[in-house]
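Input: a single structure, listed below in C-alpha cells.
Throughout, read-outs are computed from the coordinates displayed, never taken from laboratory work. Quantities reported herein were computed from a predicted structural model and do not represent experimental measurements. Glycine also receives a Cβ, built like all others from the backbone with ideal geometry; neighbour counts cover every protein chain displayed.
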Amino acid sequence: MPEPLLQAVDLRRSFGTVHAVDGVSFTLPEGGSLGIVGGSGSGKTTTARIVVGLEHADAGEVRVRGRARPSRARGREQRLARAREVQMVFQDPYLSLDPRTGVDQVLRETLRLHFPDRDPEPRIRELLDQVGLGTRAADALPRQLSGGQRQRVAIARALAVEPAVLVLDEAVAALDVSVQAQILNLLADIREQTPIGYLFITHDLGVVRCVTDEVIVMRHGSVVEAGATAEVLAAPQHPYTRLLLDSVPHPGWNPDRIAAARQELTSPLAQPTQHTGGRSEPT
Amino acid sequence: MTRGPMTRPPRPASANGSTASANGSTGSTTTLDVRGLRVTLPGTARPVLDGIDLTVGSGETVALVGESGSGKTLTSRSALGLLPPGATTEGTVLVEGHDVLAMDADRLRALRTDTVAMIFQDPRAALNPLRRIGDFLTESVCSARTGDRAMGRSAATARAVELLDAVGLDDSALKKYPSQVSGGMLQRVMIAAALMGDPALLLADEPTTALDVTTQAEVIALLARLRERFGTGLLFVTHDLDLAAAISDRVYVMYAGRIVETGPAETLFARPRHPYTAALLASTPRLTTPGGRLAAIPGQPPDLRTPVTGCAFAARCPLATEVCDEHAPAPLQVSEGPVHLAACHHSDRLVGEGSAVDA
Ligand SMILES: Nc1ncnc2c1ncn2[C@@H]1O[C@H](COP(=O)(O)OP(=O)(O)OP(=O)(O)O)[C@@H](O)[C@H]1O
Ligand SMILES: Nc1ncnc2c1ncn2[C@@H]1O[C@H](COP(=O)(O)OP(=O)(O)OP(=O)(O)O)[C@@H](O)[C@H]1O
Ligand code: SF4
Ligand SMILES: [Mg+2]
Ligand SMILES: [Mg+2]
C-alpha cells in the first residue's frame, strides 16, 4: 500500500484550560477529499492550522507521504518545499491578504517565488479566469473587492503554488452559490487532473456532500463520527451528527426546536471543566 | 432575554412595507425605503448600484441574495450612509422617513447608534484586534450617546453579558481579544454588538455564514424573537437560498447592481420568473444533490469597467435573444396577488417550469 498523502496522528493542542484539539487523527489518501464538519469552536481551524504548520501541536504528528512534517523549516529551499506540501485558504480572507498589494501583484510574487523560471503572466490570467475574476479585479486592492471576490483571490494564490494538499477553511462560505458552484467544479477538475488532496472544512453539509469522499465530525476537540460522506449523511450514528443534519434549513425548518434540541443534547452530559467560551455548545 | 433600560416600546408590526409611502414622519411603517438608488464609483463605466428600489417594513424580514460583487453589501451599507470614497449618488435612502444621504455627520452618528445597526460580513476586518471584546461591546453605547440616552458603564456591561448569553456565549468572552476566539464565536459577538442599542433596523450582512448550522438556527431564533417583540426590521444578506426561503417574508435578487426579481419568498423560490434566480436555485448544493459537478452558470458578470446596454445577464442567459442585448428589461409584475416583479423580457417562458434553466 502506498503511503497516504496526509496523516494526522493524535493531534492535541490546548490554550490555557481549553482543549481546542483533543486527540484528532485522520488519513487523507492521494487524490482524496476529506471533510471536517462540527460546531463553532470545536477545533476545526486549530486542527487545520496545525496541519499547515501555523500552530504547533502539544502532542501528535502530521505526516505527508509518510514523512513527519518538521515543526520548523530551515532555509529558503526547505520553506518553499514545505509550502508546496500544504497550502491553506483561510476563513477570513481579509486578514490573509496584504491591504497594500494589488491582486495581480499577489499572484506574481507567489509565482516568482515558487517558479522563478516560468513567465508568470499567462498563469496569472489563467488563475484569475479559473476563479472567475475579471481584469478590474486584477489591479484592485483587497478593500476594493467584495467579500466573495477577496476569497477568490485567496483561492487563486493557494492554487498558484500547486500544493500537494490544499486546506480550505470555510473557503467557499462567502461565495454566492453560482460562484461557489464554479469554484467547487474547478476544485473537482483539478482533483481529476492531479493527485492533489483536499482537507475541506465547512459548515455547509450540502457542500460536504458534493465535494468530499470522507468526512469527520468534530465536537469539543474530538472526532465523534467518521466515515464515507454518503453514509454518514444518510445514516448518521452520533446524536450530534443527527442534530447537525436536522439543522440544515429546509421547508418547515423550526429554529426554536433546533435550539431546544441542542440544549437537550448538552444537558444530560457532565459540563466539561474546560469551557470553550461557548456556554451552550453541545459537550 | 430580559431587556436593559434602553428598551423602546414595540412598534406596530406591518404586514408589508412595500406599499407604505415615505411621509417623512417616524410613524411610517416602512423602516427602510430605498428609491432609485444609483451609485457610481470613480473610474468605472457603469453605476455599481443601478436604480435600486427596496423596502423593509417594521417587523419584516427581507432577504437580499445574488451574485458576489452585485452590490448587496453596498446596498445595505447605504442605509448607514456608508459609501465608498468618491462615490456619486442619485436617489434616496429613507430610514424611518429621514433621508440618510442628506444627513450631516452628527445626524449620521446618531442614526448609527440609535436607529440602525449592521452586522458586517467580515467580523475580523470590522474589529480592532488590540481591543478586548468587552470594550468593543460597550464603547458605542457609552461614548457615542449623549444626554438621557447615554448609558453607564456598569449598565452597558450588564447589557453586554445579557446579549452574549442570548447568542450562546458566557461572560468570559468579555476579557478576550478577537484572536482568541473562533470565527463563529466572533460573529456571535458582532451580533450581540449590533443589538446593544435596540435598533429599529438591523442590517445583517451574511451574519450566519461563519456559523455552524445549529448555531445558525439559534441566532435565527434570537433574531425572530427580536423582531416579534420590538418590531425590528431586518435586511438579511445571504447566499443561502434555503435559509432565505425559511426565514424571510420577501426576497430581492440582485445581479450586476440591479434588482432582477423580487417577491414573496415562497412564490419566488417555488416559481422563479427570472432566469438568474432559476439558475441560482439550480446551482445550490443540497444534501440530496449527488456528488460530482454542480450546475454552475457559465461565464462571469460584467466588469464595472464595461458599460451595459440591455440586460446585464444576457451573456450568460440561456433564454437571451436580440432584444435582451438592446433594451434593459424593466421590472414587471409577473404573477397575480402580492408584488412579484421580474426584470426579464422573457419571464413568461419560465412559467410552470420551476428551475428550468440549467447550465
Ligand atoms: N490563539 C488562541 N488563544 C486562545 N484560545 C484559542 C486560540 N485559538 C483558538 N482558541 C480556542 O480554541 C477553540 C477552538 O477554536 P477553533 O478556531 O479551532 O474552532 P472552529 O472549530 O474552527 O470554530 P468555528 O467554526 O467557529 O470557526 C475555541 O474555544 C477557541 O476560543
Ligand atoms: N471601496 C470600494 N472601492 C471600489 N470598489 C468597491 C468598493 N467596495 C466595493 N466595490 C465594488 O463594488 C461592487 C459591489 O460590491 P459589494 O461589496 O456590494 O458586493 P456584494 O454583492 O456584497 O458581494 P459579496 O457577495 O461577494 O460580498 C464590487 O464589484 C466591488 O468590487
Ligand atoms: S432579459 Fe433576456 S437576457 Fe435578461 S434574463 Fe431575461 S431572457 Fe435572459
Ligand atoms: Mg474556524
Ligand atoms: Mg458582500
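When A:His19, A:His56, B:His274 are ordered from fewest to most other Cβ atoms inside 10 Å of their Cβ, what list results? Write down the numbers at each step before the final one.
Details: A:His19 20, A:His56 10, B:His274 31.
Result, fewest neighbours first: A:His56, A:His19, B:His274.
List B:Asp53, A:Asp204, A:Asp10 from most exposed to least, where exposure is judged by having the fewest other Cβ atoms within 10 Å.
Values: B:Asp53 17, A:Asp204 25, A:Asp10 13.
With the sparsest Cβ surroundings first, the list reads A:Asp10, B:Asp53, A:Asp204.
Relative to the longest principal axis of the C-alpha atoms of chain B, give the angle of the C-alpha long axis of helix B:105-114, reported between 0 and 90° and rounded to the nearest 10°.
Approximately 80 degrees, to the nearest 10.
Would you mind checking which residues have amide H under 5 Å from B:Lys176's amide H? H placed 1.01 Å from N; only 5 or more apart, or other chain.
So B:Lys176 has HN proximity to B:Ile133, B:Gly134.
Sequence-distant or interchain residues sharing an amide H contact under 5 Å with B:Val48, placed H: which?
B:Val39, B:Thr40, B:Leu41
Would you look at the GNM of chain A, springs on alpha carbons closer than 10 Å, and say which of A:Thr17, A:Thr27, A:Thr241 moves the most?
Highest fluctuation of the listed residues: A:Thr17.
Once the piece of chain linking B:Arg305 and B:Ser179 is laid out straight, how much longer is it, given 0.36 nm per residue of separation minus the C-alpha distance between them?
Values: separation 126, 0.36 × 126 = 45.36 nm, distance 3.75 nm.
Difference between extended and current length: 41.6 nm.
Any idea what angle helix B:133-143 forms with the longest principal axis of chain B, computed on alpha-carbon atoms, 0 to 90 degrees, nearest 10?
The angle comes out at about 80 degrees.
If you place +1 on the Cβ of every Lys and Arg and -1 on the Cβ of every Asp and Glu, how big does the dipole about the Cα centre of segment A:6-266 come out, in debye to the nearest 20?
Around 760 debye, computed over segment A:6-266.
Tell me which residues come under 5 Å, amide H to amide H, from B:Val260 once H is placed; ignore anything under 5 positions away on its chain.
B:Val253, B:Met254, B:Tyr255
For A:His56 and A:Thr135, FRET efficiency with R0 = 41 Å and r from the beta-carbon atoms, rounded to 0.05?
Values: r = 41 Å, r/R0 = 1.01.
So the FRET efficiency works out to roughly 0.50.
In degrees, nearest 10, range 0 to 90: what is the angle between the Cα axis of helix B:153-166 and the longest Cα principal axis of chain B?
Between the helix axis and the principal axis of chain B, the angle is about 50 degrees.
Please compute the average number of Cβ atoms from other chains found within 10 Å of each residue's Cβ in peptide A:238-251.
Taking all residues of A:238-251 together, the mean is 4.
Applying 1/(1 + (r/R0)^6) with R0 = 22 Å to the Cβ-Cβ distance of A:Thr17 and B:Arg132, what FRET efficiency is obtained, to the nearest 0.05?
0.75
Have a look at A:Arg13, A:Arg136, A:Arg84 and tell me which one the Gaussian network model of chain A (Cα, springs below 10 Å) gives the largest fluctuation.
Its mean-square fluctuation being the largest, the pick is A:Arg136.
Taking chain A on its own, what percent of its Cα-Cα pair distances exceed 34 Å? Mind showing how you got there, number by number?
Working: 8628 of 39903 pairs.
Percent of Cα pairs beyond 34 Å in chain A: 22.
Which lysines have a Cα less than 24 Å from the Cα of A:Lys44, not counting those fewer than 8 places away in the same chain?
Answer for A:Lys44, where 24 Å is the Cα cut-off: B:Lys175, B:Lys176, listed by chain and number.
Which helices count as membrane-span-like in chain A under these terms: full DSSP H, at least 18 Å along the axis by C-alpha, Kyte-Doolittle mean of -0.5 or more?
Qualifying helices, which must be both long enough and hydrophobic enough, are A:147-160, A:177-193.
When the helix-only estimate is applied to the protein assembly as shown (DSSP H runs of n ≥ 4, each -39,500 (n - 2.57), divided by the residue count), what is the mean residue ellipticity at 222 nm, nearest 500 deg cm²/dmol?
That comes out to -10000 deg cm²/dmol.
Kindly work out what percent of the DSSP beta bridges joining two residues of the protein assembly as shown are antiparallel, to the nearest 5. Walk me through the numbers before you get to the answer.
Numbers: 47 of 83 bridges.
Of those bridges, close to 55 percent are antiparallel.
What average count of beta carbons from other chains do you get within 10 Å of the Cβ of residues in B:177-183?
5
Within 10 Å of each Cβ in B:297-306, how many Cβ atoms from other chains are there, averaged over the peptide?
4
Which three semi-axes in whole Å describe the equivalent ellipsoid of the protein assembly as shown, each the square root of 5 times a Cα gyration tensor eigenvalue, listed largest first?
37, 31, 24
Order these by the 10 Å Cβ neighbour count, fewest first: B:Lys176, B:Lys72, A:Lys44.
Going from least to most buried by this count: B:Lys176, B:Lys72, A:Lys44.
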